[in-house]
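First up is the structure itself, then whatever we jot down about it.
Values in this text are rule-based calculations from the coordinates and carry no lab data. Keep in mind it's a predicted model, so treat the numbers as computed, not measured. Ideal geometry is used to build each Cβ from the backbone, glycine not excepted, and the neighbour counts take in all protein chains shown.
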Amino acid sequence: MAGEIYIVDILEQMHLLPKDEGKELHSFLRQSKQNILIKSDLERLPNEMEDVVKNLFKVICAILNLQLNQRLHNIIEDRLVVSYLDQINYNREDQELILIDQLASIKSLITRKAFSLTDKHIRMIHNKFRNFHDFRIEY
């Protein structure tokens, strides 16, 4: 819909998703319940969305293995990062279901109160989303 930006739109524009010539995969991901609204020109979103945008930025930087200049307050606990990343099941034959798991993991991470990531967290996230990084390089 015009004026609305969802997680999949951002991942697609940053070339973090696989090339999808027929657009079936990206359409499938857009229809997933894991695809949440990030920004809207059509309606005023709650103030909590500011935390979502900040967290999404941090997670995307981690996926790309970029070091962040953070104040290191509200550091997310290691066990929480691990629990969110463990949602991803790579033992699936269907690549689309793995991408849905990854989208669910991103959604779980970003819908928290604003947090900071340590270098260890960045490495953990990058390793779990290495395919996103590879899709971008391949693009």
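Rounded to the nearest 0.05, what FRET efficiency do E21 and K54 give with R0 = 41 Å and r taken as the Cβ-Cβ distance? Could you check?
0.75
If each DSSP helix of 4+ residues adds -39,500 (n - 2.57) and the sum is divided by the residues in the chain, what number results at 222 nm, nearest 500 deg cm²/dmol?
-15500 deg cm²/dmol
Taking only Cα atoms and a 10 Å spring cutoff, compute GNM fluctuations for the chain and point out the largest among L17, L56, L66.
Fluctuation is largest for L66.
List the trypsin sites (Lys or Arg not before Pro) in the stretch 51-101 that DSSP assigns to loop (not H, G, I, E or B) and whose Cβ has at most 13 other Cβ atoms within 10 Å. Which are they?
Hits after loop and neighbour filter: R71, R92.
Give the Kirkwood hydrodynamic radius (Å, one decimal) of the stretch 23-103, defined as one over the mean of 1/r across all pairs of different Cα atoms.
Roughly 15.1 Å, rounded to one decimal.
Are any of the pairs K23/K58; K19/K54; K54/K107; K58/K120; K39/K113 more than 23 Å apart by Cα-Cα distance, and if so, which?
K23/K58; K19/K54
In a Gaussian network model over the chain where Cα atoms closer than 10 Å are linked, find which of N65, N35, N91 has the largest mean-square fluctuation.
Top of the fluctuation ranking is N91.
Run the Debye formula on the Cα coordinates of the chain, all scatterers equal and no solvent, and tell me log10 I(q)/I(0) at q = 0.10 1/Å.
-0.32
With unit charges on the beta carbons (Lys and Arg positive, Asp and Glu negative) and the dipole taken about the Cα centre of the chain, which residue among N55, S116, I137 sits farthest to the positive side?
S116
Placing unit charges on C-beta atoms (Lys and Arg positive, Asp and Glu negative, everything else neutral), compute the dipole magnitude of the stretch 4-138 about its Cα centre in debye, rounded to 20.
Charge dipole, the stretch 4-138, about its Cα centre: 540 debye, nearest 20.
Chymotrypsin sites (Phe, Trp or Tyr not before Pro), restricted to the stretch 45-113: which are DSSP loop and have at most 14 other Cβ atoms within 10 Å?
Y90
Given H placed on each backbone N at 1.01 Å, which residues far from E4 in sequence or on other chains put an amide H within less than 5 Å of it?
D41
What do you get for trypsin sites (Lys or Arg not before Pro) in the stretch 99-139 restricted to DSSP loop and a cutoff of at most 11 other Cβ within 10 Å of the site's Cβ?
When the trypsin sites (Lys or Arg not before Pro) of the stretch 99-139 are filtered for loop state and at most 11 Cβ neighbours within 10 Å, K113 remain.
Of I76, P18, L29, which is farthest towards the positive pole of the stretch 1-106's charge dipole, taken about the Cα centre with +1 and -1 on the beta-carbons of Lys, Arg and Asp, Glu respectively?
I76
Full-extension gain between R30 and A114, please, as 0.36 nm times their residue separation minus the C-alpha to C-alpha distance.
27.8 nm
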